[in-house]
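The values are calculated or read from the model by the stated rules, or taken from the named source; none is laboratory data. The model shown is predicted, which means the values in this text are computed figures rather than measured ones. Note that we place each Cβ from the backbone using ideal geometry, even for glycine, and neighbour counts take in every protein chain shown. These accessible areas exclude ligands, DNA and RNA; they are computed on the full protein's heavy atoms, side chains included. Shrake-Rupley method; radii C 1.70, N 1.55, O 1.52, S 1.80 Å.
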Amino acid sequence: MNSDAASRPYRKLARAQREEETRRRITEAAVELHGTVGPANTKVTELARLAGVSRMTVYNHFPTEVDLFMACSTHWASSNPFPDPSKWADIDDPSERLLSALMELYGWYQLKEGMLGNVLRDAPILPSLAEVMDVLWSPYMEEIVRTLALGWSVERADLEALHATLRLSVSFDTWRVLTGSRLDNDRAAELAARMVMGAVGSGSPQGC
């Protein structure tokens, strides 16, 4: 085997590593811009400048907006873990589970408000972003609702009201409205829990 043939695998590996590094820089630049100006105001020119690449390089790595939004969303999520609904499922009493979940979720919303606010604001006007949210965010929110809906003693006719108020209580927008009214996270969680329990005709959750 000549020296050129022997070195070819190493050159391929080095090239693959450079490509992966370039993709990572573009992804991280997109995350930074989405967290500051928002996805709708992120321009490819600025993204390329921040990543230190050309516009064509951005398109080569991410041919569509969906590709880019999926990459930066999964990258951000890996560094900012979502609250785990399976932990809440271990709480048998549904009212206690609801309040505990809302307190944790609202605290997380506060920590991640910048990114979540920008992305949820822009998704309705960016079909490609909405497509990614349908894959990554919407199923997560429905998992939360299913977990929090367990164990309630309600008639079948009240299940729709239960699910509707649960979706409202776990919404980022609901958290913003409540805390924007000068409630802290725990008080906002207590109020949202009362709303759910009122819809199903139950008493107040523990702590309310």
Cα-based helix-to-principal-axis angle, 94-111 vs the chain, degrees rounded to 10: 40 degrees
With Cα atoms, 0 to 90° folded angle of helix 3-36 axis to the chain main axis: 40 degrees
Added length on full extension, which subtracts the Cα-Cα distance from 0.36 nm per residue, Y140 to L111: 8.6 nm
Accessible carbon and sulfur surface of the chain relative to its total accessible area, %, 1.4 Å: 52 percent
Reported label for calculated Rg/Rh (Cα atoms, Kirkwood Rh) given [x] 1.14; [y] 0.96; [z] 0.93: [x]
Relative contact order of the range 69-208, pairs being alpha-carbon contacts under 8 Å that are 6 or more residues apart, as %: 31 percent
FRET E, pair Q17, T45, Förster distance 25 Å, beta-carbon r, rounded to 0.05: 0.40
Nearest 10 degrees, 0 to 90: helix 138-148 Cα axis against the chain principal axis: 30 degrees
Cβ-placed point charges (K, R +1; D, E -1), dipole of the range 1-141 about Cα centre in debye, nearest 20: 980 debye
Paramagnetic label zone (point 7 Å from Cα along Cα-to-C-beta, V37; backbone N under 20 Å) in the range 69-94: 69-73, 76
